[in-house]
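The values are calculated or read from the model by the stated rules, or taken from the named source; none is laboratory data. Owing to the predicted nature of the structure, the values given are computational and were not obtained by experimental measurement. Methodologically, a virtual Cβ is constructed for each residue, glycine included, from the backbone with ideal geometry; neighbour enumeration extends over all protein chains shown. To get the accessible areas, we keep the full protein, side chains included, count just its heavy atoms, and leave off ligands, DNA and RNA. Shrake-Rupley method; radii C 1.70, N 1.55, O 1.52, S 1.80 Å.
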Amino acid sequence: MARNKLKHFVEMKGMERVFEPRRDEVFKGKGRWRAEIFGREFGGQKYQMRTHLILELACGRGDYTVALAERFPEQNFVGIDVKGARMWHGARAMLDRGLANAAFLRIRVEYLLDYFGEGEVDEIWLTFPDPQPGKENKRLTAPRFLEMYRTILKPGGLFHLKHDDADFFEYSLATVPQHGFEMVHVVEDVYGGVGKNVLVVDLLLTAIQTTYEKRHLAMNKVIKYGCWVKT
């Protein structure tokens, strides 16, 4: 297992659109993800070929990053996580499937502001992050993180949350609206509630299952979803 991890780490360093920046270097893609990283060259000039920039935070294996990139080739997707061994799976799938509209960034979520400009991001997906029981300040829906999300999201940008932990979800329902977000949609039971008030996003909630989600479903856990808009 350790040998495979080492092999994956080495392989990732040579992968296109996989970034593992050092903390002591300035990331040149900040504020220029569309033009510099997802742009295309024609006649010696770069053109922005795709529009929306969508992040998957704490992406793990990048299940949503890869699946959404396949479904929406006109948009850009970036999977973000600090665990390189997990991220390798998504990065490998991205390259094997020829997804030019996907990328991966290996950083801690705490450092988002160093890699994305103000108002640069259109949507954020947060799928099954560590619920951090008893450690609310470390939760990825704690106030300090929500302020970061507000900074990089454009006006009207969306924040999606999908989770199985009832305490974490209730905490998020109470905290997110207090920090410049307005509730758009809640599904208390994704697999039991979708269909009652179907939105386009509802179809993505069951069509795409993360590795952790499959484990939770096998244990008969209820999956919840919330969507907020930056006000």
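Miscellaneous remarks
- What region 124-231 shows is 46 Å² of accessible area per residue, with the surface traced by a 1.4 Å probe over protein heavy atoms.
- Around the Cα centre of the chain, unit charges on the Cβ atoms of Lys, Arg, Asp and Glu (plus for the first two, minus for the last two) sum to a dipole of about 760 debye.
- Summarising the amide proton neighbourhood of G157: residues at separation of 5 or more, or on other chains, whose placed amide H is nearer than 5 Å comprise K230.
- Counted charge near D164, where neighbours are those whose Cβ lies closer than 10 Å (Asp, Glu -1; Lys, Arg +1): +2
- Within the listed set A85, A142, A174, the Gaussian network model of the chain (springs between alpha-carbon atoms below 10 Å) gives the highest mean-square fluctuation for A174.
- With a cut-off of 9 Å between beta carbons, the residues surrounding G117 carry a summed charge of 0, where Lys and Arg count +1 and Asp and Glu -1.
- Gain upon complete extension [E147, A35; 0.36 nm per residue less C-alpha separation]: 37.8 nm
- Restricting the trypsin sites (Lys or Arg not before Pro) of region 58-92 to loop positions (DSSP other than H, G, I, E, B) with no more than 14 neighbouring Cβ atoms within 10 Å leaves K83.
- Between L95 and T51, the simple label model (points 7 Å from Cα in the Cβ direction) yields a spacing of 3.2 nm.
- Of all DSSP beta bridges in the chain, antiparallel share, percent nearest 5: 40
- Comparing mean-square fluctuations of F159, F19, F104 from a GNM of the chain with C-alpha springs under 10 Å, the top value falls on F19.
- Over the chain: helical MRE at 222 nm, DSSP H runs n ≥ 4 each giving -39500 (n - 2.57), nearest 500: -9000 deg cm²/dmol
- Applying 1/(1 + (r/R0)^6) with r as the Cβ-Cβ distance of T231 and A174 and R0 = 22 angstrom yields a FRET efficiency of 0.85.
- Net charge of Cβ neighbours under 9 Å - reference F181; Lys, Arg +1; Asp, Glu -1: +1
- Carbon and sulfur %, accessible surface of region 65-132 computed with the full protein complex present, 1.4 Å: 43
- The calculated pair-distance distribution of the chain uses every alpha carbon pair, bins of 10 angstrom beginning at 0, and gives 7, 32, 38, 19, 3, 0 percent.
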